[in-house]
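Peer 1: Here you go, one structure.
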Amino acid sequence: FKCVLPSLSHGQRAVTNTLAAQCKSKPQKKVCKTVLKHFDAQYSEELGEQWYSARDVLLNPLSWQYGVLLNRFSDLTNVKQWLAELGYTNLLPQTHPKSQTAHIPLQCFIHQDPVRIPTQSHHPSWLKQYFLLNAASLLPVLSLNLKEGENVLDLCAAPGGKSLAILQTVTPGLLQCNEVDRHRHDWLLKTLVSYVPPAQRHLLSVTHLDGRSIGSVQPGAYDKVLVDAPCSNDWSWLYTPDTNQGEMWLKERTQLPLLQKELLWSALAAVRPGGVVVYSTCTMSRAENQSVVEAVLASYQGVEPLELEQYLIDSLSDHFCFAHFHPSVGQLVIPQRDKTWGPMYVSRLRRIY
Ligand SMILES: C[S@@+](CC[C@H](N)C(=O)[O-])C[C@H]1O[C@@H](n2cnc3c(N)ncnc32)[C@H](O)[C@@H]1O
């Protein structure tokens, strides 16, 4: 396990260090036993054997990985060379598998080992070159199948990772990035300023609204809507600092599906007929994934589920472990020992009329 400490913004010198040395200065994360017990009961029933492999990954911070999403608006010459020297490779093919000539601008570099590079700090006159993220969180953005000039709504956008990935994929007509929480809305703004050049900012609208109301305020206004819903994030919940908070979160967990359904209903109202809504979460919980989508499909007329495109699943299967559910209205990426990305659930819905 290597930790890589470059001084990228000012020169390209890379210094490697062992994680053990870095860990000495950092307090270790502690697992919340209450949450783990709850996960054991729920996920062993829902995921069977795959839970035990996912559990090993979640419980071993040394195996956690970060993808390096490059910022196409910054100067990348040295970064790409540096990542190649460190042994990083591109997660995605450079051209679209269906049409060998279509270039894919989105570039996310991954490493076969849990190597880490540091985040870059904000400089007012300089754009950050990369954003670190769980590579599986690109799946919802790729599932939008974005086209140049489309109007896109990122309904739950902070801290902005997927908004950035959208901007790396296409130049939208308009990208509305919305976040209800004041503090997280400010964080979202900061992210966008750090990565998006002033000349591109007119493409963005950053709003501070309850996503549940956008569908009624702007009906049919968007070609594509992403609902990256608030969820019981399996990674962070497992490391809840104290038992009381863990217990409180587990109670809150039962409230989340209602909020998630309301956000998805709103997204379906905000997309135009023929447009696509992608619903995603970073939990493995069936109640927040499959059951939410099934309930919305049963209650909202004129909506059909869409399969994720097969080329996408094929090109990512070397790195992501897709769980197999039948019948299914979405795809779940489960972290496994040799494929640690995820959890990430993605479902695509088309509004027919
Ligand atoms: C999973 S996070 C989004 C992560 C983000 N898409 C990214 O990739 O960086 C979910 C977000 O939804 C926000 N949220 C919760 N309730 C909301 C609501 N009613 N309307 C809009 N956003 C909401 C949360 O504050 C949180 O920032």
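Peer 1: Quantify, in whole percent, the carbon and sulfur part of the accessible surface of the range 145-263 (1.4 Å probe; protein heavy atoms only).
Peer 2: Percent of accessible area from carbon and sulfur atoms in the range 145-263: 56.
Peer 1: Nearest 20 debye, what's the magnitude of the dipole of the chain about its Cα centre given +1 on Lys and Arg Cβ and -1 on Asp and Glu Cβ?
Peer 2: Taking the Cα centre of the chain as origin, the dipole is about 800 debye.
Peer 1: Ok, one more. Taking every alpha carbon pair in the range 182-305, what does the distance histogram look like in 5 angstrom bins from 0, in percent?
Peer 2: Bins of 5 Å from zero give 2, 9, 16, 18, 18, 16, 11, 6, 2, 0 percent of pairs.
Peer 1: Under 8 Å for C-alpha pairs, at least 6 residues apart: give me the relative contact order for the chain, rounded to a whole percent.
Peer 2: Taking the mean separation of contacting Cα pairs over the length of the chain, I get 18 percent.
Peer 1: How much area per residue is accessible in the chain when the probe is 1.4 Å and only protein heavy atoms are counted (Å²)?
Peer 2: It amounts to 45 Å² per residue over the chain.
Peer 1: Using the charge dipole of the chain (Lys, Arg: +1 at Cβ; Asp, Glu: -1 at Cβ; taken about the Cα centre), state which of G220, S232, S299 has its Cα farthest towards the positive end.
Peer 2: The residue sitting most towards the positive pole is S232.
Peer 1: Let me ask something additional. Evaluate the charge dipole of the range 260-353 about its Cα centre and quote only its size in Debye, nearest 20, assuming +1 on the Cβ of each Lys and Arg and -1 on the Cβ of each Asp and Glu.
Peer 2: Dipole magnitude for the range 260-353 comes out near 220 debye.
Peer 1: Below 20 Å, Cα to Cα, which aspartates and glutamates can K162 reach? Residues fewer than 8 away in the same chain don't count.
Peer 2: Once the sequence-local aspartates and glutamates are set aside, what remains near K162 is E148, E150, D154, E179, D181, D186, D210, D223, D228, D234, E288, E309.
Peer 1: Sticking with this structure for a sec: State the answer as a single residue: which of L144, Q255, L268 lies farthest towards the positive end of the charge dipole of the range 117-269, with beta carbon charges of +1 for Lys and Arg and -1 for Asp and Glu, about the Cα centre.
Peer 2: L144
Peer 1: Report the convex hull volume per residue for the chain, counting only C-alpha atoms, in Å³.
Peer 2: Roughly 141 Å³ of hull volume per residue.
Peer 1: Hey, what's the Cα Rg ratio for the range 243-353 versus the globular rule of thumb, 2.2 N^0.38 Å?
Peer 2: In units of the 2.2 N^0.38 Å rule of thumb, it is 1.15.
Peer 1: 7 Å from Cα along Cα→Cβ at both N233 and K147: what's the point-to-point distance in nm?
Peer 2: Placing both labels 7 Å along Cα→Cβ, they lie 3.5 nm apart.
Peer 1: Please compute the contact order of the range 259-353 in relative form: average sequence separation of alpha-carbon pairs under 8 Å and at least six residues apart, divided by the residue count, as a percent.
Peer 2: So the answer I get is 40 percent.
Peer 1: Ok, one more. Per 5 Å bin from zero, what fraction in whole % of the C-alpha pairs of the range 169-242 is there, up to the bin with the longest pair?
Peer 2: Cα pair-distance distribution for the range 169-242, in percent: 3, 11, 20, 21, 20, 13, 7, 4, 1, 0.
Peer 1: Sticking with this structure for a sec: Using DSSP loop states and a limit of at most 16 other Cβ atoms within 10 Å to flag trypsin sites (Lys or Arg not before Pro), what is the longest stretch of the chain containing no flagged site?
Peer 2: 148-336
Peer 1: Can you compute the helix-only [θ] at 222 nm over the chain? Use -39500 (n - 2.57) per DSSP H run of at least 4 residues, normalise by all residues, nearest 500 deg cm²/dmol.
Peer 2: -10000 deg cm²/dmol
Peer 1: Which of D234, D56, D242 moves most in a GNM of the chain, Cα contacts under 10 Å?
Peer 2: Ranking D234, D56, D242 by mean-square fluctuation puts D242 first.
The values are calculated or read from the model by the stated rules, or taken from the named source; none is laboratory data. Since the model is a prediction, treat every value here as computed from it, not as a measurement. Quick reminder, even Gly has a Cβ in these numbers, built from the backbone with ideal geometry, and neighbours come from all protein chains shown. Accessible surface areas use protein heavy atoms only, side chains included; no ligands, DNA or RNA. Shrake-Rupley method; radii C 1.70, N 1.55, O 1.52, S 1.80 Å.
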